[in-house]
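The values are calculated or read from the model by the stated rules, or taken from the named source; none is laboratory data. Given the structure is predicted, the values throughout are model-derived calculations rather than measurements. All Cβ positions, even for glycine, are placed from backbone atoms using ideal geometry, and neighbour counts span all protein chains on display.
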Amino acid sequence: MKINMNTNLKLYTYWRSSSAYRVRIALNLKGLSYESIPVHLVKDGGEQHSEEYRELNPQGLVPTLVDDGIALSQSIAIMEYLDEAYPSTYSLLSVDTVSRAKIRSLALLVATDIQPLDNLRVLQYLKNEMGISDEKKSLWYAHWIIEGFKAYEALLNDEDRFSFSDAVSMADICLIPQIYNAERFDIDLSWFPNILKVRDNCMGLDAFKSAMPEVQSDAV
(Lines give C-alpha, C1' and ligand atoms only; values in the text may rest on other atoms or scores of the structure.)
Protein backbone atom coordinates (compact mmCIF):
# COMPACT_ATOMS: atom_id res chain seq x y z
CA MET A 1 0.00 0.00 0.00
CA LYS A 2 1.40 3.40 -1.01
CA ILE A 3 1.93 5.79 1.90
CA ASN A 4 0.91 9.41 1.37
CA MET A 5 3.82 11.38 2.85
CA ASN A 6 2.18 14.78 2.28
CA THR A 7 -0.14 14.65 5.27
CA ASN A 8 0.37 16.43 8.56
CA LEU A 9 -1.64 14.11 10.76
CA LYS A 10 -1.18 13.61 14.48
CA LEU A 11 -3.10 10.95 16.39
CA TYR A 12 -3.43 11.18 20.16
CA THR A 13 -3.92 7.56 21.08
CA TYR A 14 -3.69 4.88 23.75
CA TRP A 15 -2.64 1.38 22.83
CA ARG A 16 -5.64 -0.39 24.38
CA SER A 17 -8.29 2.16 23.47
CA SER A 18 -10.85 0.58 21.13
CA SER A 19 -11.70 3.93 19.60
CA ALA A 20 -8.06 4.79 18.93
CA TYR A 21 -7.52 1.27 17.56
CA ARG A 22 -10.28 1.97 15.01
CA VAL A 23 -8.64 5.15 13.78
CA ARG A 24 -5.24 3.47 13.50
CA ILE A 25 -6.79 0.81 11.24
CA ALA A 26 -8.53 3.49 9.17
CA LEU A 27 -5.34 5.50 8.69
CA ASN A 28 -3.49 2.35 7.66
CA LEU A 29 -6.16 1.29 5.19
CA LYS A 30 -6.13 4.73 3.63
CA GLY A 31 -2.34 4.69 3.40
CA LEU A 32 -1.93 7.88 5.43
CA SER A 33 1.19 8.48 7.48
CA TYR A 34 0.73 10.03 10.91
CA GLU A 35 2.55 10.88 14.11
CA SER A 36 1.39 8.79 17.05
CA ILE A 37 1.23 10.69 20.35
CA PRO A 38 0.46 8.39 23.32
CA VAL A 39 -1.96 9.52 26.02
CA HIS A 40 -1.79 7.09 28.94
CA LEU A 41 -5.31 6.56 30.29
CA VAL A 42 -4.23 5.04 33.61
CA LYS A 43 -0.81 6.42 34.57
CA ASP A 44 -0.88 9.17 37.22
CA GLY A 45 -4.66 9.11 37.28
CA GLY A 46 -4.90 9.39 33.49
CA GLU A 47 -3.04 11.83 31.23
CA GLN A 48 -6.31 12.50 29.40
CA HIS A 49 -7.42 14.57 32.39
CA SER A 50 -4.53 17.02 32.13
CA GLU A 51 -5.35 20.66 31.44
CA GLU A 52 -3.20 20.59 28.31
CA TYR A 53 -5.07 17.64 26.81
CA ARG A 54 -8.48 18.97 27.86
CA GLU A 55 -7.75 22.10 25.84
CA LEU A 56 -7.33 19.87 22.82
CA ASN A 57 -10.25 17.54 23.60
CA PRO A 58 -12.67 18.87 26.27
CA GLN A 59 -14.13 15.37 26.76
CA GLY A 60 -10.77 14.08 27.91
CA LEU A 61 -11.04 11.02 25.68
CA VAL A 62 -8.96 9.40 22.96
CA PRO A 63 -8.56 9.45 20.08
CA THR A 64 -8.01 13.00 18.94
CA LEU A 65 -6.84 13.53 15.38
CA VAL A 66 -5.10 16.77 14.46
CA ASP A 67 -4.83 17.58 10.77
CA ASP A 68 -2.91 20.80 10.03
CA GLY A 69 -3.98 22.30 13.33
CA ILE A 70 -7.61 21.17 13.17
CA ALA A 71 -8.49 18.92 16.14
CA LEU A 72 -11.18 16.27 15.68
CA SER A 73 -12.65 13.84 18.22
CA GLN A 74 -14.98 10.81 18.13
CA SER A 75 -13.69 7.86 16.07
CA ILE A 76 -16.67 7.61 13.71
CA ALA A 77 -16.51 11.33 12.88
CA ILE A 78 -12.75 11.06 12.39
CA MET A 79 -13.09 8.15 9.98
CA GLU A 80 -15.77 9.91 7.96
CA TYR A 81 -13.55 13.01 7.86
CA LEU A 82 -10.63 10.96 6.55
CA ASP A 83 -12.83 9.49 3.83
CA GLU A 84 -13.97 12.95 2.74
CA ALA A 85 -10.67 14.78 3.17
CA TYR A 86 -8.60 12.08 1.43
CA PRO A 87 -11.01 10.62 -1.17
CA SER A 88 -8.28 9.42 -3.53
CA THR A 89 -7.17 6.73 -1.07
CA TYR A 90 -9.06 3.63 0.11
CA SER A 91 -12.77 4.24 0.78
CA LEU A 92 -14.11 3.12 4.16
CA LEU A 93 -17.70 3.32 2.92
CA SER A 94 -19.46 2.08 -0.19
CA VAL A 95 -20.34 4.37 -3.09
CA ASP A 96 -23.93 3.09 -2.93
CA THR A 97 -26.32 4.99 -0.63
CA VAL A 98 -28.06 1.92 0.82
CA SER A 99 -24.77 0.08 1.31
CA ARG A 100 -23.27 3.06 3.12
CA ALA A 101 -26.24 3.13 5.48
CA LYS A 102 -25.91 -0.59 6.22
CA ILE A 103 -22.18 -0.24 6.87
CA ARG A 104 -22.80 2.67 9.21
CA SER A 105 -25.49 0.66 11.00
CA LEU A 106 -23.06 -2.17 11.72
CA ALA A 107 -20.32 0.24 12.76
CA LEU A 108 -22.63 2.12 15.12
CA LEU A 109 -23.95 -1.12 16.62
CA VAL A 110 -20.44 -1.56 18.01
CA ALA A 111 -19.41 2.05 18.50
CA THR A 112 -22.57 3.26 20.25
CA ASP A 113 -24.35 0.18 21.65
CA ILE A 114 -21.52 -2.08 22.84
CA GLN A 115 -18.23 -0.29 23.43
CA PRO A 116 -19.43 2.73 25.45
CA LEU A 117 -20.97 0.45 28.07
CA ASP A 118 -17.69 -1.40 28.51
CA ASN A 119 -15.10 1.34 28.22
CA LEU A 120 -12.56 2.19 30.91
CA ARG A 121 -14.36 5.11 32.55
CA VAL A 122 -17.59 3.10 32.90
CA LEU A 123 -15.75 0.13 34.43
CA GLN A 124 -13.89 2.45 36.79
CA TYR A 125 -17.16 4.06 37.87
CA LEU A 126 -18.81 0.69 38.45
CA LYS A 127 -15.95 -0.40 40.68
CA ASN A 128 -14.92 2.79 42.44
CA GLU A 129 -18.19 4.69 42.80
CA MET A 130 -20.80 1.93 42.74
CA GLY A 131 -18.77 -0.64 44.66
CA ILE A 132 -19.35 -3.38 42.09
CA SER A 133 -17.15 -6.45 42.61
CA ASP A 134 -14.66 -7.52 39.94
CA GLU A 135 -16.76 -10.64 39.32
CA LYS A 136 -19.93 -8.67 38.67
CA LYS A 137 -18.00 -6.13 36.63
CA SER A 138 -16.81 -8.95 34.37
CA LEU A 139 -20.39 -10.21 34.02
CA TRP A 140 -21.48 -6.71 33.01
CA TYR A 141 -18.68 -6.53 30.45
CA ALA A 142 -19.49 -9.89 28.90
CA HIS A 143 -23.25 -9.27 28.83
CA TRP A 144 -23.06 -6.22 26.59
CA ILE A 145 -20.58 -7.74 24.18
CA ILE A 146 -22.59 -10.95 23.84
CA GLU A 147 -25.89 -9.12 23.36
CA GLY A 148 -24.37 -6.88 20.72
CA PHE A 149 -22.59 -9.72 18.94
CA LYS A 150 -25.85 -11.70 18.72
CA ALA A 151 -27.33 -8.88 16.66
CA TYR A 152 -24.17 -8.35 14.63
CA GLU A 153 -23.92 -12.05 13.77
CA ALA A 154 -27.55 -12.09 12.63
CA LEU A 155 -26.86 -9.20 10.26
CA LEU A 156 -23.92 -10.91 8.53
CA ASN A 157 -24.14 -12.80 5.25
CA ASP A 158 -22.65 -16.30 5.33
CA GLU A 159 -21.13 -15.78 1.87
CA ASP A 160 -19.34 -12.49 2.58
CA ARG A 161 -15.66 -12.36 3.56
CA PHE A 162 -16.10 -9.21 5.61
CA SER A 163 -18.90 -7.53 7.54
CA PHE A 164 -20.49 -6.16 4.39
CA SER A 165 -19.68 -7.85 1.07
CA ASP A 166 -16.10 -8.75 0.15
CA ALA A 167 -14.56 -5.36 0.84
CA VAL A 168 -13.21 -4.09 4.15
CA SER A 169 -15.31 -1.22 5.49
CA MET A 170 -15.86 0.96 8.54
CA ALA A 171 -17.94 -1.87 10.02
CA ASP A 172 -14.91 -4.17 10.15
CA ILE A 173 -12.79 -1.35 11.58
CA CYS A 174 -15.22 -1.10 14.52
CA LEU A 175 -15.70 -4.84 14.94
CA ILE A 176 -12.06 -5.95 15.21
CA PRO A 177 -11.17 -3.90 18.33
CA GLN A 178 -14.34 -5.18 20.00
CA ILE A 179 -13.35 -8.78 19.24
CA TYR A 180 -9.93 -8.02 20.71
CA ASN A 181 -11.61 -6.84 23.92
CA ALA A 182 -13.87 -9.89 24.07
CA GLU A 183 -10.93 -12.26 23.71
CA ARG A 184 -8.91 -10.32 26.25
CA PHE A 185 -11.69 -10.94 28.79
CA ASP A 186 -11.99 -14.62 27.82
CA ILE A 187 -15.50 -14.32 26.38
CA ASP A 188 -16.54 -17.42 24.41
CA LEU A 189 -17.09 -16.34 20.80
CA SER A 190 -17.67 -19.81 19.37
CA TRP A 191 -21.37 -18.96 19.00
CA PHE A 192 -20.47 -16.33 16.40
CA PRO A 193 -18.87 -18.15 13.44
CA ASN A 194 -19.38 -15.34 10.93
CA ILE A 195 -17.85 -12.79 13.27
CA LEU A 196 -14.85 -15.06 13.72
CA LYS A 197 -14.59 -15.51 9.94
CA VAL A 198 -14.50 -11.74 9.51
CA ARG A 199 -11.87 -11.53 12.25
CA ASP A 200 -9.63 -14.06 10.50
CA ASN A 201 -9.96 -12.33 7.13
CA CYS A 202 -9.22 -8.90 8.57
CA MET A 203 -6.24 -10.05 10.58
CA GLY A 204 -4.66 -11.36 7.40
CA LEU A 205 -4.25 -7.75 6.27
CA ASP A 206 -1.24 -5.59 7.18
CA ALA A 207 -3.44 -2.57 7.93
CA PHE A 208 -5.04 -4.48 10.81
CA LYS A 209 -1.85 -6.19 11.99
CA SER A 210 0.11 -2.94 12.35
CA ALA A 211 -2.76 -1.32 14.28
CA MET A 212 -2.87 -4.05 16.95
CA PRO A 213 -2.47 -2.79 20.53
CA GLU A 214 0.58 -4.92 21.34
CA VAL A 215 2.69 -3.45 18.52
CA GLN A 216 2.11 0.18 19.46
CA SER A 217 4.99 2.23 20.86
CA ASP A 218 3.20 2.80 24.17
CA ALA A 219 2.20 -0.83 24.75
CA VAL A 220 3.13 -2.02 28.22
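Do we find that V122 is loosely packed, with under 15 Cβ neighbours inside 10 Å, farther than 20 Å from C202 by Cα and among the β-branched types (V, I, T) in this structure?
So V122 fails the test.
Q59 - would you say it is part of a helix (DSSP H, G or I) and farther than 28 Å from D166 by Cβ?
Criteria not met by Q59.
Just name the residue that is modelled with the lowest pLDDT out of those in the range 23-56 that are in a helix (DSSP H, G or I), among the charged types (D, E, K, R) and surrounded by 18 or more Cβ atoms within 10 Å (Cβ to Cβ).
Looking at the filtered set, the residue picked out is E47.
Where the second residue is small (G, A, S) and surrounded by fewer than 19 Cβ atoms within 10 Å (Cβ to Cβ) and the first is over 10 Å from D172 (Cα atoms) and lies in the range 196-216, which pairs have Cβ atoms under 7 Å and are six or more apart or on separate chains?
Listed by first residue and then by second, the contacts come to P213/A219.
Answer with yes or no whether A101 is touching a residue at least 24 places away in the same chain (Cβ under 8 Å) and under 20 Å from the mean Cα position of the chain (by Cα).
So A101 fails the test.
If only one of S169, S105 is assigned by TED's automatic domain parsing to the domain that holds F192, of a type in the set (S, T, Y), under 28 Å from L72 (Cα atoms) and in contact with a helix residue (DSSP H, G or I) (Cβ under 6 Å, 6 or more places away or on another chain), which one is it?
That would be S169, the only listed residue that is assigned by TED's automatic domain parsing to the domain that holds F192, of a type in the set (S, T, Y), under 28 Å from L72 (Cα atoms) and in contact with a helix residue (DSSP H, G or I) (Cβ under 6 Å, 6 or more places away or on another chain).
Check whether at least one residue in the range 198-210 is crowded, with 17+ Cβ neighbours inside 10 Å, closer than 25 Å to Y14 by Cα and among the charged types (D, E, K, R), and report yes or no.
Yes, the conditions are met somewhere in the range 198-210.
Just a yes or no: is a residue in the range 159-170 farther than 22 Å from F208 by Cβ and without any contact (Cβ under 8 Å) to a residue 40 or more places away in the chain?
The answer is no; no qualifying residue exists.
Looking at the range 74-85, can you tell me whether even one residue there is touching a helix residue (DSSP H, G or I) at 6+ places or on another chain (Cβ under 6 Å), farther than 16 Å from S18 by Cα and of a type in the set (S, T, Y)?
Checked against the condition, which is being touching a helix residue (DSSP H, G or I) at 6+ places or on another chain (Cβ under 6 Å), farther than 16 Å from S18 by Cα and of a type in the set (S, T, Y), the range 74-85 yields no hits at all.
Determine, yes or no, whether E135 is without any contact (Cβ under 8 Å) to a residue 12 or more places away in the chain and not assigned by TED's automatic domain parsing to the domain that holds W15.
In short, yes.
Condition (residue is touching a residue at least 24 places away in the same chain (Cβ under 8 Å), out of contact with any Gly (no Cβ under 6 Å at 6 or more places or on another chain), within 20 Å of P177 (Cα to Cα) and small (G, A, S)) applied to the range 61-82: is it met by at least one residue?
The answer is yes; a qualifying residue exists.
Is it the case that T112 is out of contact with any Ser or Thr (no Cβ under 9 Å at 6 or more places or on another chain), within 22 Å of Y180 (Cα to Cα) and either of a type in the set (S, T, Y) or modelled with pLDDT under 95 (or both)?
yes
Restricting attention to the range 185-204, does a residue exist that is on the phi < 0 side of the Ramachandran plot and at pLDDT below 95?
Yes, the range 185-204 contains at least one residue that is on the phi < 0 side of the Ramachandran plot and at pLDDT below 95.
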